[in-house]
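The values are calculated or read from the model by the stated rules, or taken from the named source; none is laboratory data. Remember, it's a predicted structure, so these values are computed and weren't measured experimentally. Reconstructed Cβ throughout: ideal geometry from the backbone, glycine too, with neighbour counts over all protein chains shown. Side chains are part of the model used for accessible areas, which takes the heavy atoms of the whole protein and leaves out ligands, DNA and RNA. Shrake-Rupley method; radii C 1.70, N 1.55, O 1.52, S 1.80 Å.
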Amino acid sequence: MAAESEQLTLVQAVRDGLHTEMERDEDVVVMGEDVGKNGGVFRATEDLYEEFGENRVIDTPLAESGIVGTAIGMAAYGMRPIPEIQFMGFIYPAFDQIVSHAARLRTRSRGRFTCPMVVRAPYGGGIRAPEHHSESTEAMFVHQPGLKVVVPSTPYDTKGLLTSAIRDPDPVIFLEPKLIYRAFREEVPADSYEVPLGEAAVRREGTDISVYTWGAMTRPTLEAAENLAGEIDVEVVDLRTLSPLPEGAIVDSFEKTGRAAVVHEAPKTGGLGAEIIATLQEESLLYQEAPVERITGFDTPFPLYALEDYYLPEAARIETGIRNAVEF
Amino acid sequence: MSTIQRDPRDRVQVLDEAGRVLEDADVPDLSEAKLVEMYEQMRLARRFDERAVSLQRQGRMGTFPPLSGQEGSQIASAHALEEDDWVFPSYREHGVGLVRGLSLERTLLYWMGHEQGSYVPEDVNVFSVAVPIATQIPHAVGAAWASRLRGERNAFLCYFGDGATSEGDFHEGLNFAGVFDTPTVFFCNNNQWAISVPRERQTASATLAQKASAYGFEGVQVDGMDPLAVYKVTRDAVEKARDPGAGELRPTLIEAVQYRFGAHTTADDPSVYRDADEVERWKQKDPIPRLENYLRRRDVLDDGRVDAIEDRIEDRVAEAIETAEASTRPEPDEIFAHVYEGMPKRLRRQLEYVESIRDRHGDDALLEG
């Protein structure tokens, strides 16, 4: 008898989410480089090939634009393809297909054709990877109307958000924080369930400052919040969906605390932090007690791994940023 | 042997420039009625094109990509399809759309900038036009692949130009098609010029057709201004996509060698980059008189029938223009209507904002001219 739930890592939850949806809906196919026999370079598609066969877990030629471009054709033809881009740093050859076509197929056909597709890509740094393996350029996709952008931070959410993304009628960019693929385990139900897109989660309640973050940065943010406990009462809001931005949750938290910081590992300029701050300025100016702090990566290409720890925000930097906002 | 199993440099031709059947030519089996229909549609596409360019010049329409010279390729290839087959066009296939059931009014509306012009009715198996070059090629492969995985027997005809063969998506699409044996027919409208850059600047290959051999399937070159040859080759390719012979792969790359008589779009001036002599030379191959002479020689057409066709065409184009121009300006909610299945809160608020500025200022103040 199957277990009702299991302790899974985040990457196992990805696999579990793919598995339950593939069982439920035979239009769901997984495609990409090494996703088949090899089970994915991070094992995110492990054993799916054996169970569902080569027509549903498809090892493709090494060609990102081809993978996403053909997935668009499949999706328009009624299937539910899940193309995998092995690392977000390799997504740019497919960027044209994603922004020029997936994002606007519904618009430019006035609803006749749609693109129910989930592009999965491990993103972010901190795993001592080579060049082009550590990018987190989610803002580029958030900027594109027609796409949804989702970043889970826990195994439970990963399966639930991925399930929602697969069932969603629109194209979803699903960014997996590979830094925490195996960092911890969490109870994940064996049955399928949905965590709705577009809703943030308050990971820690607090009254002094709202800290907004997502994905791999959620854990060091929570760590910083714990370190400051007793001194500063920090609320941590995990956005989970970056597009459409869960504006209500962002504003509600801020109106409670009056101070805010944004933590993301992407470069500062034009990053999503700027959009969050603009939203607060538009919606909650009169609640604002201090400038909003941005604790982010730098406006440099992601460094080679000997220096990546300086680049990535971690608990100490986040603590300092929070203090700056509170002590203004 | 099938027409498409040949040296890619061996150009398929049925009619000479005067519309006479060449010796040993493989004349496709088409009824007289079908041939006359093709002729009429080619004439209609030509006349539509002339009027559309004129509308643009008069400021009654936006930028338009004319097709004159390419009617033989477009009309004849589209006739090679069955009803359930699919077309993945670029942006110049107004003639193909016409054959497949897309109204001229809708094509005009699209180029007049009305969002509704993008809508392809449910009973028309034509994908949305793709303006970025070669990007539709992987879509056609993906859809063909999905269709095959579902156990259907449909063929997918994908159009693009000679410039598209330089793009990565051309390579990636054809490569996937070969690897996954998808029922896709790649139809390259080699009209010699990618805006101002000649075919010789796109590739050092002797032909575009021969590129197919890199992907493991046939490439065939056809006289794109010879409608009978285009029909024959496309029909064979479509049939192979459905029912390949033993050891054959389903995809085919067709290089239809032709010429666009006019500009790439109404935004460029071809006299800057090509000689009048060159245009005149290609005009000798014009597909319309070629088919007309063939049909007159077979006593299928005479002056009376041609005049009647001309009258019908004139009326139809005039009517399409009248209908399109009578369409009222779409409401701004059209911009927001189809971004996502449901409208996110942010978008709804932006729509409300548009409505509020309309209320405050009135459309007259907001709209130019």
Single residue of A:75, A:94, A:63 found to be facing another protein chain (nearest Cβ under 7 Å) and either touching a Phe, Trp or Tyr at 6+ places or on another chain (Cβ under 6 Å) or small (Gly, Ala, Ser) (or both): A:63
Complete set of residues in the range A:14-62 that are under 23 Å from the mean Cα position of the chain (by Cα) and open to solvent by 10 Å² or more (accessible area, probe 1.4 Å): A:15, A:16, A:19, A:20, A:33, A:34, A:41, A:42, A:43, A:46
Filtered residue count, the range B:338-347, keeping only those that are in contact with a helix residue (DSSP H, G or I) (Cβ under 8 Å, 6 or more places away or on another chain) and open to solvent by 40 Å² or more (accessible area, probe 1.4 Å): 5
Matching residues in the range B:121-140 - criterion: being open to solvent by less than 10 Å² (accessible area, probe 1.4 Å) and either among the β-branched types (Val, Ile, Thr) or touching a Pro at 6+ places or on another chain (Cβ under 8 Å) (or both): B:124, B:126, B:127, B:130, B:135, B:136, B:137
Residues (surrounded by fewer than 24 Cβ atoms within 10 Å (Cβ to Cβ) and among the aromatic types (Phe, Trp, Tyr)) located in the range B:212-253: B:215, B:217
Residue match in the range A:110-119 (condition: surrounded by fewer than 21 Cβ atoms within 10 Å (Cβ to Cβ), part of a loop (DSSP other than H, G, I, E, B), on the phi > 0 side of the Ramachandran plot and within 11 Å of chain B (Cβ to nearest Cβ)): yes
Test: residue B:143 is within 21 Å of the chain's Cα centre (by Cα), buried (at least 19 other Cβ atoms within 10 Å of the Cβ) and within 14 Å of chain A (Cβ to nearest Cβ): yes
Among the residues listed as B:286, B:363, the single one being within 28 Å of residue B:62 (Cβ to Cβ), surrounded by 15 or more Cβ atoms within 10 Å (Cβ to Cβ), more than 14 Å from every other protein chain (Cβ to nearest Cβ) and among the charged types (D, E, K, R): B:286
Count of the range B:297-312 residues which are assigned to a helix (DSSP H, G or I) and in contact (Cβ under 8 Å) with a residue 24 or more places away in the chain: 5
Search result, residues across the range B:146-170 that are more than 13 Å from every other protein chain (Cβ to nearest Cβ), under 19 Å from residue A:66 (Cβ atoms) and open to solvent by 60 Å² or more (accessible area, probe 1.4 Å): B:166
Filtered residues of the range B:150-206 (kept if among the hydroxyl-bearing types (Ser, Thr, Tyr) and either out of contact with any strand residue (DSSP E or B) (no Cβ under 9 Å at 6 or more places or on another chain) or at pLDDT below 95 (or both)): B:196, B:203, B:205
Selected residue (criterion: farthest from residue A:199 (Cα to Cα)) from residues of the range A:151-170 that are within 14 Å of chain B (Cβ to nearest Cβ) and in contact with a strand residue (DSSP E or B) (Cβ under 7 Å, 6 or more places away or on another chain): A:170
Condition check for residue B:90: open to solvent by 10 Å² or more (accessible area, probe 1.4 Å), free of Cβ contacts under 8 Å to residues at least 40 places away in the same chain and either within 14 Å of chain A (Cβ to nearest Cβ) or not polar (S, T, N, Q) (or both): no
Odd one out for residue B:52, checked against (1) closer than 29 Å to residue B:241 by Cβ; (2) touching a helix residue (DSSP H, G or I) at 6+ places or on another chain (Cβ under 9 Å); (3) aliphatic (A, V, I, L, M): (1)
Where a residue in the range A:306-328 is outside the structural domain of residue A:137 (by the TED database) and under 30 Å from residue A:130 (Cα atoms) and its partner, wherever it lies, is aromatic (Phe, Trp, Tyr) and crowded, with 17+ Cβ neighbours inside 10 Å, with Cβ under 9 Å and at least six apart: A:308/A:302; A:311/A:302
For residue A:302: the one exception among (1) surrounded by fewer than 22 Cβ atoms within 10 Å (Cβ to Cβ); (2) assigned to a loop (DSSP other than H, G, I, E, B); (3) at pLDDT 95 or above: (1)
Count of residues meeting criterion [without any contact (Cβ under 8 Å) to a residue 40 or more places away in the chain and aromatic (Phe, Trp, Tyr)] in the range A:51-104: 3
Among residues of the range B:22-33, those that are open to solvent by 70 Å² or more (accessible area, probe 1.4 Å) and within 18 Å of residue B:236 (Cβ to Cβ), counted: 3
Selected residue [out of contact with any Asp or Glu (no Cβ under 7 Å at 6 or more places or on another chain), open to solvent by less than 20 Å² (accessible area, probe 1.4 Å), in a helix (DSSP H, G or I) and within 20 Å of residue B:182 (Cα to Cα)] from A:98, A:67, A:82: A:67
Residue count for the range B:319-333, restricted to those that are in a helix (DSSP H, G or I) and either surrounded by 15 or more Cβ atoms within 10 Å (Cβ to Cβ) or without any contact (Cβ under 8 Å) to a residue 24 or more places away in the chain (or both): 8
Condition met for residue B:128 (free of Cβ contacts under 8 Å to residues at least 40 places away in the same chain, out of contact with any Gly (no Cβ under 7 Å at 6 or more places or on another chain) and away from every other protein chain (no Cβ under 13 Å)): no
Residue match in the range A:150-171 (condition: among the basic types (Lys, Arg) and farther than 26 Å from residue A:322 by Cβ): yes
Single residue of B:96, B:126, B:53, B:21 found to be outside the structural domain of residue B:322 (by TED's automatic domain parsing) and β-branched (Val, Ile, Thr): B:21
Given (1) out of contact with any Asp or Glu (no Cβ under 8 Å at 6 or more places or on another chain); (2) within 18 Å of residue A:165 (Cβ to Cβ), number of the condition residue A:54 does not satisfy: (2)
Single residue of B:108, B:104 found to be more than 12 Å from the chain's Cα centre (by Cα), buried (at least 24 other Cβ atoms within 10 Å of the Cβ), more than 14 Å from chain A (Cβ to nearest Cβ) and aliphatic (A, V, I, L, M): B:108
